[in-house]
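Notes for the one structure printed next.
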Amino acid sequence: MALRLLDNPSDPFSLSVRPAAGLPRFRLGSPIRVEVLSARAGYLTLVDHGSDGALTVLYPNEDTGPVWLEAGQARSFPERGFEIRAGEPPGWG
């Protein structure tokens, strides 16, 4: 199932996920860090959507437990020694 087809029946709110400061682009093999900013407080689920259609939950994981975001406070991921690297194939599946 494509993520864009999922429906969220709750009131819409602003959510931003962008490359963390100092990382304007991701190159193959480079570390990926993103900054998440939400207009509403809540729990984060960060998912990798692979080019093959597979979905992998990155956060929360067994090391982090639930990840709480405060409204209006940017937070960078990954945290606590967890690393994500850009891999093949490049692009937006």
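Before moving on, here are some points about what is shown:
Conditions (1) out of contact with any His (no Cβ under 6 Å at 6 or more places or on another chain); (2) on the phi < 0 side of the Ramachandran plot; (3) modelled with pLDDT of 85 or more; (4) of a type in the set (Phe, Trp, Tyr), marked per residue:
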| position | (1), (2), (3), (4) |
| --- | --- |
| Ala2 | yes, yes, no, no |
| Arg18 | yes, yes, yes, no |
| Phe26 | yes, yes, no, yes |
| Arg40 | yes, yes, yes, no |
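- Residue match in the stretch 45-68 (condition: closer than 22 Å to Asp11 by Cβ, touching a helix residue (DSSP H, G or I) at 6+ places or on another chain (Cβ under 8 Å) and not in a loop (DSSP other than H, G, I, E, B)): yes
- Any hit, the stretch 73-92, residues being aromatic (Phe, Trp, Tyr), in a loop (DSSP other than H, G, I, E, B) and exposed (fewer than 12 other Cβ atoms within 10 Å of the Cβ): yes
- Subset of the stretch 35-52 (residues that are in contact (Cβ under 8 Å) with a residue 40 or more places away in the chain, open to solvent by 40 Å² or more (accessible area, probe 1.4 Å) and not acidic (Asp, Glu)): Val47, His49, Ser51
The values are calculated or read from the model by the stated rules, or taken from the named source; none is laboratory data. Bear in mind the structure is a predicted one, so any value in this text is a computation, not a measurement. Note that we place each Cβ from the backbone using ideal geometry, even for glycine, and neighbour counts take in every protein chain shown. The area values use the complete protein model at the heavy-atom level, side chains included, leaving out ligands, DNA and RNA. Shrake-Rupley method; radii C 1.70, N 1.55, O 1.52, S 1.80 Å.
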